[in-house]
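A short write-up of the structure that comes next.
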Amino acid sequence: MSRRLKLLAPLLTVVLLLGAWELYVDAGAVSSLVLPAPHAVLASLFTDRAAIWHNLMPTAEEILLGLVVAAVVALAVAVMLHLSSFARTAVYPPLVATQAIPIPLLAPLLVTWLGFGLLPKLVVIALVCFFPMVVTTMSGLASVDPDLVKLLRTFDAGRLQTFWRAELPSALPGLFAGAKLAAVLAVIAAILGEQAGASSGLGYLLTVTVANLEMAEAFATVLVLIAFAIMLFALLSFAERRAVPWIHQRSDTEVR
Amino acid sequence: MISLERVSRAFAGRRSAGPLTVLSEVSLQVRAAETIAVVGPSGCGKTTLLELICGLQQPDSGSVRCPPAALMPQRDLLLPWLSTVDNASLALRVQGLDRRRARAAALPWLERFGLGGFERARPHELSGGMRQRVAFLRTLLAGKPVLALDEPFASLDAITRAQMQGWLSRILEQEQRTVVLVTHDVEEAVLLADRVLVLSPRPGRVLATIPIAVARPRLRSDPAVVALRAQALDALGSGA
Ligand SMILES: Nc1ncnc2c1ncn2[C@@H]1O[C@H](COP(=O)(O)OP(=O)(O)OP(=O)(O)O)[C@@H](O)[C@H]1O
Ligand SMILES: [Mg+2]
């Protein structure tokens with residue numbers, strides 16, 4: 001497929017869908033209180049740009065900080081679980097349990113414990129995001145070829161050297177894969193965190209606009225969230241290509 | 001130098017089958033600076049024998065005495081995030097040298113190994129033969145008296161393999177290391193080794209030890225080489 005077609009094809013899908021949506025609403029099939037027309041959403045994106053921009057800032061801050069916290073915690077936890085079989089048995093099951101906690105239940109509790117500020121949102125985002133990174137990083141750490149470990153042992157490498165020279169670099173692709181998953185989850189987590197209690201942010205804006213039946217603005221807010229998620233994902237993909245270029249250049253002697 | 005006395009090794013097999021005996025009563029003496037080739041059918045325990053020599057495994061019975069040995073595994077296992085010079089000097093880094101000195105130690109060797117100009121290339125930019133040379137250099141630079149080479153050229157095409165055999169033969173002549181070379185290519189064994197150890201199918205036993213008293217450089221077409229090759233093949237066949 002040519003480059004241009006690759007860019008045009010998804011655009012065409014979107015245009016067709018939007019067109020159908022516009023026609024459907026314009027024909028009066030549904031009330032604009034339930035489903036705003038695309039042109040109304042676009043108009044709101046422009047007229048309400050100040051409010052949206054103003055509320056994007058705190059949400060973006062939460063998401064970026066939350067992701068960084070989650071990545072640091074995930075790397076530390078994955079390394080600990082990898083190096084110690086005791087930690088694996090003692091910590092892994094409770095860790096899985098944290099992922100089953102329903103966020104809509106937890107988020108309001110966090111607000112009562114930690115207040116209306118940044119902290120409860122960070123906790124929610126970090127909680128949702130760190131787990132996929134732990135899992136992918138651990139599989140990266142474990143992906144080191146056992147024969148490579150043997151080779152390093154004949155070079156007098158101890159546990160630490162093996163970790164540093166072979167296992168940690170092998171874990172980086174996993175960390176990036178997990179971070180890409182987490183970036184998208186972080187956006188949802190931020191909204192849930194804000195809806196539990198906040199005085200600004202896109203989640204807050206969403207709560208207010210939906211309550212006021214300003215559906216066009218609510219949809220415009222969602223549009224901005226989607227764009228932010230895509231941007232984050234693209235940024236991470238770019239960083240991944242820079243930091244771990246070798247995952248895209250596999251060449252195995254066994255195949256040659 | 002290296003001394004194996006009636007070494008046996010078995011692995012816990014699948015539940016129904018019982019233990020899988022891989023090596024049975026293998027004895028072997030290797031003198032300093034000698035190159036010994038180990039040939040045998042696939043699965044007869046050649047890699048296991050090397051790992052015993054390197055101290056990566058312990059025998060179930062018998063004894064292994066061997067000075068420190070560096071392994072060259074069956075696959076090159078170069079680290080994709082390191083350049084040629086950093087891959088080659090990996091052992092030096094592991095042993096605590098800083099990056100600058102490790103590179104300085106490896107650089108003159110790259111030239112000698114025909115890798116000049118590729119110092120900063122990543123493994124995926126190298127040909128199969130070059131990768132194998134880097135892997136060999138990495139093992140050589142570990143500075144151990146014994147080199148344990150596990151089918152170093154098995155993954156290469158015939159032409160490259162022939163070139164690499166000539167090349168390795170020259171390097172080993174200059175380097176005076178004790179070498180245990182595992183291969184399933186009998187001709188390679190005869191071309192490179194001072195002695196060829198022929199193993200039976202699993203469980204590996206020593207079928208024959210054939211001294212190769214042919215002056216180097218050896219030619220594939222040399223009648224003495226051809227005769228020894230036939231002798232080794234005969235020994236291999238007698239175990240089947
Ligand atoms: N760690 C292990 N656990 C169980 N079985 C093993 C283990 N290592 C090797 N074996 C078995 O021992 C036998 C010999 O293995 P080994 O790798 O030494 O053979 P090899 O002679 O090197 O074969 P090849 O020429 O194919 O490399 C094989 O049948 C293998 O399945
Ligand atoms: Mg083998």
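Brief remarks follow.
- Accessible-area composition of chain A, carbon plus sulfur, in percent [1.4 Å probe]: 73
- Ranking A:Trp246, A:Trp21 by solvent-accessible area of protein heavy atoms (1.4 Å probe, all protein chains present), from largest to smallest, gives A:Trp21, A:Trp246.
- Of the residues B:Ala105, B:Ala135, B:Ala148, the one that moves most in a GNM of chain B with alpha-carbon contacts below 10 Å is B:Ala105.
- Gain in span if fully extended, A:Arg3 to A:Glu22, counting 0.36 nm per residue against the direct Cα distance: 3.9 nm
- Heavy-atom accessible surface of A:Phe233, to the nearest 10 Å², is about 80 Å², with a 1.4 Å probe and all protein chains retained.
- Here the extension length gained between A:Val208 and A:His248 equals 9.9 nm, from 0.36 nm per residue of separation less the Cα-Cα distance.
- Eigen-decomposition of the gyration tensor built on the alpha-carbon atoms of the protein assembly as shown gives equivalent ellipsoid semi-axes of 63, 25, 21 angstrom, largest listed first.
- Straight-distance crosslink candidates among lysines, where the alpha carbon sits under 23 Å from A:Lys150 and sequence neighbours closer than 8 are dropped: B:Lys46, B:Lys144
- Between 0 and 90 degrees, the angle of helix A:3-26 with respect to the longest Cα principal axis of chain A falls at about 40 degrees.
- FRET efficiency, 1/(1 + (r/R0)^6) with R0 51 Å, evaluated for A:Gln99 and A:Ala50 via beta carbons: 0.85
- Equivalent ellipsoid dimensions for segment B:78-143 as semi-axes, Å, which come from the Cα gyration tensor, largest first: 17, 12, 11
- In this label model, A:Arg88 and A:Trp113 are separated by 3.0 nm, measuring between points 7 Å along each Cα→Cβ vector.
- Global geometry of segment A:33-255, whether rounded, prolate or oblate, following the gyration tensor of its Cα atoms and the 1.5 cut on a/c: prolate
- Prolate/oblate/rounded label for segment A:100-211 (Cα gyration tensor, a/c 1.5): prolate
- Cross-link reach is defined here as a Cα-Cα straight distance under 18 Å, omitting same-chain residues fewer than 8 places apart; for A:Lys180 the aspartates and glutamates meeting it are A:Glu61, A:Glu62, A:Glu240.
- The contact between chain A and chain B removes approximately 2500 Å² from the accessible area (both sides summed; 1.4 Å probe; ligands, DNA and RNA excluded).
- Summarising the label geometry, the points placed 7 Å from Cα in the beta-carbon direction at A:Met231 and B:Ser61 lie 7.3 nm from one another.
- Cα-based equivalent ellipsoid of chain B: semi-axis lengths in Å, sorted from largest, via gyration tensor: 30, 22, 16
- Cβ neighbours within 10 Å from other chains - mean over B:55-66: 1
- Cα gyration tensor, segment B:168-240 - rounded (a/c under 1.5), prolate or oblate: oblate
- Per-residue [θ]222 nm for the protein assembly as shown (sum of -39500 (n - 2.57) over DSSP H runs n ≥ 4, rounded to 500): -19000 deg cm²/dmol
The values are calculated or read from the model by the stated rules, or taken from the named source; none is laboratory data. Fair warning: this is a prediction, and the values are worked out from it, not measured in the lab. Every residue, glycine as well, gets a Cβ built from its backbone with ideal geometry; the counts of neighbours run over all protein chains shown. The protein model used for the area step is the full one, side chains on, heavy atoms only, and it has no ligands, DNA or RNA in it. Shrake-Rupley method; radii C 1.70, N 1.55, O 1.52, S 1.80 Å.
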